[in-house]
Amino acid sequence: MRNAIYFSPPETHALTKTASAWLGRSAFGALSAEAFTAGLSVEEHRQLTSEPARYGFHATLKAPFLLPQDRTQGALEIFFDEFCSRQAPTLVPRLELTEIGPFFALTCGGSAEGINSLCNEVVEAFEPWRAPLTPEDMARRKPERLSERQRDLLERWGYPYVFEEFRFHMTLTGPVEEGSKSKVRDILQTVFSEHLGMPLPIEHLGLFVEAERGAPFTVVRHAELRGMGDRP
């Protein structure tokens, strides 16, 4: 079983509902009865969304990790709740629809200082709860395709996209063929029109669990950030 620390708005948040309808699945509960395919065929929609749907709508802060042998799931959940109680909320000033390589995601427009600060704290705080990567896990990250700095981060922190390599994003599709990108962009702009250009409060974190390799990730804890003080 693997755990991950993700940002996700609450289950009842309008963005969560829109994204879950688009993905055809909510990590908070059962599969949606019918995916919102937005003019795509069922097969086209499945190809676009099957991988992000498995993870649930989220932004990665601490990538999936195995627990060390001397740590328990129950203790992790207690630590997660305590951590969230000490963290101040922050804000994504403006949601944008962005192509990141071959896939589409919702990203941070404007200053990312606040969410970057929160991510840095999550990465460091939960590091003692992460077992070292296995050789197979290292190979899955395709280190030969990473920069030298990203390989160093992968070896030290179990994920290559942390600290200065981190970029807040909430994935909406798997790889999109070049000839289909314009169509998919238009569809996503329509589906998420009420949210694009709007601020997104970062007021909760989720502890997501993958029961076994390849299983869908589900939310086991979702906690409010209740810390005092100003975060950048």
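The values are calculated or read from the model by the stated rules, or taken from the named source; none is laboratory data. Nothing here was measured: the structure is a model prediction, and the numbers come from that model. Neighbour counts are summed over all protein chains in view; Cβ atoms, including those assigned to glycine, are modelled from backbone coordinates with ideal geometry. Only protein heavy atoms, including side chains, enter the accessible area calculation; ligands, DNA and RNA are left aside. Shrake-Rupley method; radii C 1.70, N 1.55, O 1.52, S 1.80 Å.
Things worth noting here:
- Tallying residues that are outside any helix (DSSP H, G or I) and either open to solvent by 50 Å² or more (accessible area, probe 1.4 Å) or modelled with pLDDT under 95 (or both) within segment 170-191 yields 2.
- When segment 59-82 is filtered for residues that are open to solvent by 20 Å² or more (accessible area, probe 1.4 Å), touching a residue at least 60 places away in the same chain (Cβ under 8 Å) and not in a helix (DSSP H, G or I), the ones remaining, listed by number, are Thr60, Pro64, Leu66, Leu67, Pro68, Gln69.
- If you check Glu224, Glu212 for being over 19 Å from Thr18 (Cα atoms) and in contact with a His (Cβ under 9 Å, 6 or more places away or on another chain), only one passes: Glu224.
- Of the residues making up segment 192-218, those that are under 30 Å from Gln73 (Cα atoms) and either touching a Gly at 6+ places or on another chain (Cβ under 8 Å) or part of a loop (DSSP other than H, G, I, E, B) (or both) are Ile202, Glu203, Phe208, Ala211, Glu212, Arg213, Gly214, Ala215, Pro216, Phe217, Thr218.
- Within the set Pro175, Pro216, the sole residue that is in contact (Cβ under 8 Å) with a residue 12 or more places away in the chain and more than 13 Å from Glu99 (Cβ to Cβ) turns out to be Pro216.
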